[in-house]
Each structure stands twice: as structure tokens, then as C-alpha cells.
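Data block below; observations after.
The values are calculated or read from the model by the stated rules, or taken from the named source; none is laboratory data. Worth saying up front: this structure is predicted, and the values here are computed from it rather than measured. Quick reminder, even Gly has a Cβ in these numbers, built from the backbone with ideal geometry, and neighbours come from all protein chains shown.
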Amino acid sequence: MLKRRKVCGQSILEYMVYFTVIVAVFVTISTYFKRGLAGKWKASVDDLGDQYDPRTAESHIYYKTNGTTVTTLKSTETPKGQYTNRFDTSDLTETKTGNIVVK
């Protein structure tokens, strides 16, 4: 027959020590993991290059917009009342020329 083994206080204490050591290892590793992840983020952001800063940029940009809009109203009378339909036609051209220098 199978004999049951008694769990004594020493075995429970050993398991608690093992558990504490494993938790301590994970807490220690998490600090290094966070630092490594932050370093990767910083490297990725640094690789984006120079960003636009209005205090250090010299800009000469000209915008030109030409547009025409035609609106037509059509009124229709019916036995239930008068209805108005509106038709809009737009033609818009926008151009941008110039340069931006970031110093």
C-alpha cells in the first residue's frame, strides 16, 4: 500500500524560501528589462532625426488658392407645399511653394 508522507514545518519553510528567491529574481530582472525597453524606445526616437522646431527654422512658404463656386436654387411647388433644392459646384486649386530650413 501507498504510505502518505506527512508535510512537516521544515518542508513548508523550504518551499517558502524557494518562492521568495524566485520572486526576488523576477523583481531584479524586471528592473533590467524596463531599462532595456526604455533604451530601445530612446534609440527609436533618436533615429527619427531632427524634428521641426519653429524657433530654429527659417521658413519661406507661399500659399495660393483659386476657387470658384456656383450655387443654383430650384424651387418646386407641390400640393403639400413648396420645396427648394440647392446645388453647389466648386472648383478649387491650391498651390504651395517655398522652403523650410531647420538649423
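The residues listed here are Tyr83, Tyr18, Tyr62; of these, the one that is of a type in the set (Phe, Trp, Tyr) and either at pLDDT below 85 or not in a strand (DSSP E or B) (or both) is Tyr18. Residue selection: Thr97 fails the criterion of being part of a strand (DSSP E or B), on the phi < 0 side of the Ramachandran plot and at pLDDT 90 or above. Against the test of being in contact with a Phe, Trp or Tyr (Cβ under 8 Å, 6 or more places away or on another chain) and part of a strand (DSSP E or B), the options Thr89, Thr72, Thr68 yield a single qualifying residue, Thr72. Restricting attention to the range 38-58, does a residue exist that is closer than 30 Å to Val101 by Cα, in the same structural domain as Ile100 (by TED's automatic domain parsing), part of a strand (DSSP E or B) and of a type in the set (Gly, Ala, Ser)? Yes, there is a match, as at least one residue in the range 38-58 is closer than 30 Å to Val101 by Cα, in the same structural domain as Ile100 (by TED's automatic domain parsing), part of a strand (DSSP E or B) and of a type in the set (Gly, Ala, Ser).
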